[in-house]
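Report on the structure given below.
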Amino acid sequence: MPERRLTRLGATPHFHHGLLIRTGRTATGIAYDVQGTGPAVVLITGSNLDRRMWDAEAGWLKSQFTVIRYDLRAHGQSDLPRAPFSHVDDLFELLDELHIDKAALIGLSAGSTIALDAALHSPDRITRLVLTAPGISGYSPKERPAFFTPLVKALEARDYVNAAEVMLASPLFQVPDASRALVRSMVTENDRLWSVPRELMTGPARPAADRLEEVRALLR
């Protein structure tokens, strides 16, 4: 991917720990960075996190791939929504602005939901899927985890500080000691996502739960 193209699109080259990382924002305010060369790989974060979570993985992948990280809308350095939006649309807008026709997608949790929906939406643009702790759009679990009740109570009270503590104490964010401080920073610093009206986030017309039999075909 030519650096001049990224610069023309508004991406700014800079050095981080001696490594060239090109940063930018899409026309609708999605913050991203690009590093490395080779086939494109997009790293998609989980909810309440931001692209800092992929520091190690980006470091491993950049020697063989063009690695794109971005913050979901209302996360990290990306803008809050002012109108209805789709996470899948945000992803494809980013790829289009970077002139990337095809990419592999690696997603964690909510990021895997976005990756799966994107692959079902435009299978010709997705080369591979790596889904970690995947969520599936359209699927409703029969049982809720124990932390769900206190989390909902905190959110209904708009007590985002307590909501963050509930989540950090849950199995979702049980991480090695070396990652604990970073995870706490991301969860507490991304609490503005709770202020986004849920009706602004639009999902796929046909959720993935109804289309899983199509996944193998689109990755052949």
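The values are calculated or read from the model by the stated rules, or taken from the named source; none is laboratory data. Just so we're clear, the structure is a prediction, and the values are computed from it rather than from any experiment. Here the Cβ positions follow ideal geometry from the backbone for every residue, glycine too, while neighbour counts run over all protein chains shown.
Do the conditions hold for Val183, that is, is it at pLDDT 95 or above and closer than 23 Å to Arg52 by Cα?
Numbers: at pLDDT 95 or above: yes; closer than 23 Å to Arg52 by Cα: yes.
So Val183 passes the test.
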Assuming Asp96 fulfils every condition listed in (1) within 15 Å of Gly46 (Cβ to Cβ); (2) within 18 Å of the chain's Cα centre (by Cα) apart from one, which condition is it?
-> (1)
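Here is a yes/no grid of residues against (1) in contact with a helix residue (DSSP H, G or I) (Cβ under 9 Å, 6 or more places away or on another chain); (2) more than 29 Å from Arg82 (Cα to Cα):
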{"site": "Ala154", "(1), (2)": "yes, no"}
{"site": "Val175", "(1), (2)": "yes, yes"}
{"site": "Arg184", "(1), (2)": "yes, no"}
{"site": "Thr188", "(1), (2)": "yes, no"}
{"site": "Val196", "(1), (2)": "no, no"}
{"site": "Met201", "(1), (2)": "yes, no"}
Determine the pairs where a residue that is farther than 15 Å from Leu116 by Cα, located within the range 69-91, has a partner that is among the acidic types (Asp, Glu) with Cβ atoms under 7 Å apart, the partner being 6 or more residues away or on another chain.
-> Arg69/Asp33; Asp71/Asp50; Arg73/Asp79; Arg73/Asp90; His75/Asp50; Gly76/Asp50; Gln77/Asp71; Ser78/Asp71
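Inspect the range 152-170 for any residue being under 26 Å from Val67 (Cβ atoms) and in contact (Cβ under 8 Å) with a residue 60 or more places away in the chain and give the result as yes or no. Quick ask: steps written out before the conclusion?
Taking the range 152-170 as the starting set, the residues that turn out to be under 26 Å from Val67 (Cβ atoms) are none.
Looking through the range 152-170, none of the residues is under 26 Å from Val67 (Cβ atoms) and in contact (Cβ under 8 Å) with a residue 60 or more places away in the chain.
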Might you check whether a residue that is touching a residue at least 12 places away in the same chain (Cβ under 8 Å), hydrophobic (A, V, I, L, M, F, W, C), more than 22 Å from Ala178 (Cβ to Cβ) and crowded, with 19+ Cβ neighbours inside 10 Å occurs anywhere in the range 42-58?
-> yes
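So if I check each of Ile114, Ile106, which one is in contact (Cβ under 8 Å) with a residue 60 or more places away in the chain and touching a His at 6+ places or on another chain (Cβ under 7 Å)?
Details: Ile106 fails: touching a His at 6+ places or on another chain (Cβ under 7 Å).
Ile114 is the lone residue from the list that is in contact (Cβ under 8 Å) with a residue 60 or more places away in the chain and touching a His at 6+ places or on another chain (Cβ under 7 Å).
Given Tyr160, Tyr139, which one is in contact with a helix residue (DSSP H, G or I) (Cβ under 9 Å, 6 or more places away or on another chain), of a type in the set (Ser, Thr, Tyr) and at pLDDT 95 or above?
After applying the criteria, what remains is Tyr160.
If you take the residues in the range 104-118 that are out of contact with any helix residue (DSSP H, G or I) (no Cβ under 6 Å at 6 or more places or on another chain) and more than 16 Å from Arg73 (Cα to Cα), which one is surrounded by the fewest Cβ atoms within 10 Å (Cβ to Cβ)?
Restricting attention to the range 104-118, the residues satisfying the condition of being out of contact with any helix residue (DSSP H, G or I) (no Cβ under 6 Å at 6 or more places or on another chain) are 104, 106, 108-113, 115.
Those still in the list that are more than 16 Å from Arg73 (Cα to Cα) too: 104, 106.
Working: Ala104: 17, Ile106: 21.
Looking at the filtered set, the residue picked out is Ala104.
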Of (1) touching a strand residue (DSSP E or B) at 6+ places or on another chain (Cβ under 9 Å); (2) touching a residue at least 60 places away in the same chain (Cβ under 8 Å); (3) under 28 Å from Ala83 (Cβ atoms), Arg125 satisfies all except one. Which?
-> (2)
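Here's the yes/no breakdown for (1) out of contact with any Gly (no Cβ under 9 Å at 6 or more places or on another chain); (2) closer than 18 Å to Val187 by Cβ:
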{"position": "Val41", "(1), (2)": "yes, no"}
{"position": "Leu49", "(1), (2)": "no, yes"}
{"position": "Trp54", "(1), (2)": "yes, yes"}
{"position": "Leu61", "(1), (2)": "no, no"}
Report, ordered by the first and then the second residue, all pairs with beta carbons closer than 7 Å, sequence separation of six or more or different chains, a first member in the range 177-189 that is on the phi < 0 side of the Ramachandran plot, and a second member that is at pLDDT below 95 and not in a helix (DSSP H, G or I).
-> Val183/Val175
